[in-house]
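First the structure, in the form of structure tokens, and then the observations on it.
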Amino acid sequence: MKQALQLKVSQQLTLTPQLQQSIKLLQLSTLDLQAEVDRFLLDNPLLERGDEPHDGEAAPDGADSGAGETQDADGRDDGAGELLDWGAGARQGGDDDYDPMLNVPSQPSLREHLLAQLGEIALSDRDRAVACLLIEELDDDGYLPLDLDELAGNLPLELQLDSDELAIGLTLLQQFDPAGVGARSLAESLQLQLLRRPADEPGRALALEIAREHLELLGGRDYTKLKKLFGCQDEALRQAQALISRLNPYPASGYGHGDIHYVIPDIAVRKLRGRWVAELNRSAMPRLRVNRLYERLLADKRGAGGELAGPLQEARWLVKNIQQRFDTILKVAEAIVERQQSFFEHGEVAMRPLILRDIADEIGLHESTVSRSTSQKYLLCPRGLFELKYFFGSSLETDGGGECSATAIKAHIRGMIDGEDRAKPLSDSAIADALARQGIQVARRTVAKYREAMQIPAVNLRKAL
């Protein structure tokens, strides 16, 4: 073995810290971006919010004193003042501490709702403790997942609680609102809800019998066997089925489940002179700038800023990268909205097929950049709130030589099923034939795949009397 020197020529892609930060900021959601900005504000003394007065200065009422006045480290006026002046005046005339996204009345959880009812009942301390224990054991749907014997066996022996005492507490809990809470199965929950209905309500007695013993037959739409078992006619079974269908299989629905996660739209779409246009949601944009006092001190030292030189550069990078983030999102959104004008005008049935490459080629960005710009980024329009990724979908050719998007086909399928005769629901083959008559060639298995993706039951499960 011997040592030797060799020269080797190669190409290597290196991401600078500024580019790494730019990529990271682009893929963050708006809420995550706000958290990231807050972290930078704590860590970097040269960063400050654009609506705060400069050190030693008083900000004019309703105005920002820093816009367009900051000089860079070489003493040149950059004309922008290192300020993201987006969202100025968004809260003019209002309380600066008020944020409608943060002042939504909180919804009580099921646990809070049940404990409030428990507090209104006169009970011994032991009975109250048993009821509290059972409330804590409920799952997110309002069911008691453990058998009482199993629950009793998991408790410390010193409590001396047996399944009989737990059963008494469960009987009390099942009298609480909402009806069906504390059940150990769907059948029991439906029975508890039916027992709260008026005794003379049409279909109640038969519905109770079905819920006790034959719920799986009703779920499988085996009406022939049900009529044979109970000796009833179509109308009686129809009334029982209608009554059961109005019950709630998830007693805890409608109650809070811990933290609420809000979605803040990045883009707003409105109609302007006959065309749908995309605009940035300025209230979601952070307003940041470099602290002018520190920047002037560093400029006077002509590059000898010592420990503050690094934070100054990082502050400038952040301001620039945040601006670039929103510019990129707007650029992508504008291209999407222009391509999907028909959707905003007519809805899902008019959605055009679109892939990431189409937008990337149009605006001169890489597909990965377009992907980051659409993930967890939301658009608000008169039709609702949509993630930007929603507007992308594969295409299928039509008989006319055109293309139809998967989203539009799903909308057609949903429309057919919504309008079908429940006594004779459409099979996947029948839906495929109907689409073919409209010039859209779709295989039966493709219809089944789209139907399942929309969580629509198969034909035998949609049949009604």
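Bear in mind these aren't lab numbers, they're just calculated from the coordinates by the rules spelled out. Everything numeric here is computed off the predicted structure, so don't read it as measured data. Note: ideal-geometry Cβ built from the backbone for every residue, glycine included; neighbour counts use all protein chains shown.
Under 19 Å from a label point set 7 Å out along the Cα-to-Cβ vector of Gln175, the amide N atoms of the range 145-169 belong to 164-169. Spin-label model, Val277 to Gln6: label points 7 Å out along the Cα-to-beta-carbon direction sit 6.1 nm apart. Charge tally for Tyr250 (other residues, Cβ to Cβ under 13 Å; Lys, Arg +1; Asp, Glu -1): -3. First check a/c for the range 118-256, with a ≥ b ≥ c the square roots of the eigenvalues of its C-alpha gyration tensor; if it is under 1.5, answer rounded, and if not, answer prolate when a/b is larger than b/c or oblate otherwise. Note, shape of the range 118-256 comes out prolate. Ordering 272-280, 439-447, 237-245 by mean Cβ neighbour count within 10 Å, with the highest value first, yields 237-245, 439-447, 272-280. When each of the peptides 205-216, 190-201, 327-338 is scored by how many other beta carbons lie within 10 Å of its residues on average, the order from highest to lowest is 327-338, 205-216, 190-201.
Summing Lys and Arg as +1 and Asp and Glu as -1 over all other residues whose Cβ lies under 9 Å from the Cβ of Ser373 gives a net charge of +4. Pairs exceeding 31 Å between alpha-carbon atoms, taken from Lys271/Lys389; Lys8/Lys331; Lys410/Lys463; Lys331/Lys449; Lys271/Lys377: Lys8/Lys331; Lys331/Lys449. From most to least packed by mean Cβ count within 10 Å, the peptides 421-427, 369-375 give 369-375, 421-427. Charge tally for Thr446 (other residues, Cβ to Cβ under 12 Å; Lys, Arg +1; Asp, Glu -1): +3.
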